[in-house]
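Report on the following structure.
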Amino acid sequence: AQSVTQPDIHITVSEGASLELRCNYSYGATPYLFWYVQSPGQGLQLLLKYFSGDTLVQGIKGFEAEFKRSQSSFNLRKPSVHWSDAAEYFCAVTIAYSGAGSYQLTFGKGTKLSVIP
Amino acid sequence: SQTIHQWPATLVQPVGSPLSLECTVEGTSNPNLYWYRQAAGRGLQLLFYSVGIGQISSEVPQNLSASRPQDRQFILSSKKLLLSDSGFYLCACKVETQYFGPGTRLLVL
C-alpha cells in the first residue's frame, strides 16, 4: 500500500527566511503528487501538483516543489516566508492510472508551520 | 470552476444521537466525491468515496454511512453517534484533482 511520510510535525521559521517542507512517499509505480495547505478551521487548499513532465512544479502563493524519483521525495519550498503562510501543510499521493476509479488520495500527517515576525 | 458547500459548519451532538452532514457541489457534473475525517494529530482519513449516483465505497468499518442521492450531493450519516466520531469532516470533489470543501466541525459530547 502506498504511504506518505512528512518527517517534521512542526517547523518554526522567521518571516523572510526560506522554507523547505519534506515529503517522502512509498509506492512502486509513478504517483501523482500534491501539496495542500490548511488554515485553522478551514478546508484544504491545493498549492500545487505533479503529474508528469518537468520535475520542478510551481504553485500558488510563491510555493514550488521538486519531484525526485531517486529519493521518492516531493519537498515543498518557498524562498521567503510571509506571516500569512503560517498553517498546516499536507503532502498527498495517488496512483497514476487511467480509466474510471476513485483516485483516492493518501495523505501525510501534516507539518504545522509557525512564522516568527 | 467547482465550488463545494458543506453544511453545517459546526455541530455539537450528544452521544447516541443521529447525524446528517451534507455536501453539495456546483460547477461540475458527475464528479468523484469523497468524505474525509480529520482528527487532531492524525491527518486525514478517507471514509467514503463515490464515483456516481447511488455508488458508495467504504474505506473503514465504522458506524457511519454515506449516500449520494443526486449527482452533486453527498451525505454522511449516522444512526447513533459515538464520542470517537468527533472531528473535522471534509468533503472533496475530484475534477482534475481533488478540491476540498470548508469542512464541518463535529463535537460529540
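The values are calculated or read from the model by the stated rules, or taken from the named source; none is laboratory data. The model shown is predicted, which means the values in this text are computed figures rather than measured ones. A quick note on method: Cβ atoms are made from the backbone with ideal geometry, for glycine too, and the neighbour counts reach across all protein chains shown. Ligands, DNA and RNA are excluded from the accessible area calculation, which covers all protein heavy atoms including side chains. Shrake-Rupley method; radii C 1.70, N 1.55, O 1.52, S 1.80 Å.
Using all Cα-Cα distances in the protein assembly as shown, what percent lands in each 10 angstrom bin from 0 up to the longest?
8, 33, 35, 20, 5, 0
Please report the relative contact order for the range A:36-117, taking Cα pairs under 8 Å with a sequence separation of at least 6, and give it as a percent rounded to a whole number.
Relative CO of the range A:36-117 lands at 25 percent.
Across the range A:3-116, how many lysine pairs, 8 or more positions apart or on different chains, have C-alpha atoms separated by under 16 Å? Please give the number.
Taking the range A:3-116 as the scope, the lysine pair count is 5.
Express the C-alpha Rg of the range B:3-108 as a ratio against the empirical globular expectation 2.2 N^0.38 Å, rounded to two decimals. Spell out each step's value before the answer.
Working: Rg = 12.8 Å, N = 106, 2.2 N^0.38 = 12.9 Å.
Ratio of Cα Rg to 2.2 N^0.38 Å: 0.99.
Taking each residue of A:43-51 in turn, how many C-beta atoms of other protein chains fall within 10 Å of its C-beta, and what is the average? Don't skip to the answer; put the middle values down first.
On the way: counts 14, 11, 2, 5, 0, 0, 3, 0, 2.
Across the residues of A:43-51, the mean count of other-chain Cβ atoms within 10 Å is 4.
Within a 10 angstrom radius of each residue's Cβ in A:67-76, how many Cβ atoms of other chains show up on average? Whole number is fine.
Mean shielding count: 0.
What quantity of accessible surface, computed with a 1.4 Å probe and excluding non-protein components, is buried in total between chains B and A, in Å² to the nearest 100?
Buried: approximately 1500 Å² between A and B.
Taking each residue of B:99-107 in turn, how many C-beta atoms of other protein chains fall within 10 Å of its C-beta, and what is the average? Don't skip to the answer; put the middle values down first.
On the way: counts 5, 7, 3, 4, 5, 1, 1, 0, 0.
If you average over the peptide's residues, the count of other-chain Cβ atoms is 3.
I'd like to compare B:6-14, B:19-27, A:77-85: which one has the highest average count of other Cβ atoms within 10 Å, and what's the full order after that?
B:19-27, A:77-85, B:6-14
If pairing requires two Cys Cβ atoms under 4.7 Å apart, which cysteines of chain B are left without a partner?
B:CYS93
Give me the dipole magnitude in Debye, nearest 20, for chain B about the Cα centre, with unit charges on the beta carbon: positive for Lys and Arg, negative for Asp and Glu.
260 debye
So how strong a dipole does the protein assembly as shown carry about its Cα centre when Lys and Arg Cβ are +1 and Asp and Glu Cβ are -1, to the nearest 20 debye? Could you put the intermediate results ahead of the total?
Numbers: 17 positive and 14 negative charges, 77 e Å.
The calculated dipole for the protein assembly as shown is roughly 360 debye.
Count neighbours as other Cβ atoms within 10 Å of each site's Cβ, and list the trypsin sites (Lys or Arg not before Pro) in the range B:13-109 that are DSSP loop with at most 13 such neighbours.
B:ARG42, B:LYS79, B:LYS80
Stretched out fully, how many nm does the piece from A:GLN42 to A:LYS68 gain, at 0.36 nm a residue minus the Cα gap? Spell out each step's value before the answer.
Values: separation 26, 0.36 × 26 = 9.36 nm, distance 3.02 nm.
Going from the current span to full extension adds 6.3 nm.
For the protein assembly as shown, what is the accessible area per residue in Å² when the probe is 1.4 Å? Before the final figure, lay out the partial values.
Values: 10700 Å² over 226 residues.
With the other protein chains kept in place, the protein assembly as shown gives 47 Å² per residue.
Per the Kirkwood definition applied to all pairs of different Cα atoms, how many angstroms is the hydrodynamic radius of the range A:3-116? Please list the in-between numbers first.
Numbers: mean 1/r = 0.0698 Å⁻¹.
Averaging 1/r across every pair of different Cα atoms and inverting gives 14.3 Å.
In percent, what relative contact order does the range B:3-108 have, based on Cα pairs under 8 Å that are 6 or more apart in sequence?
Over the range B:3-108, the number comes to 37 percent.
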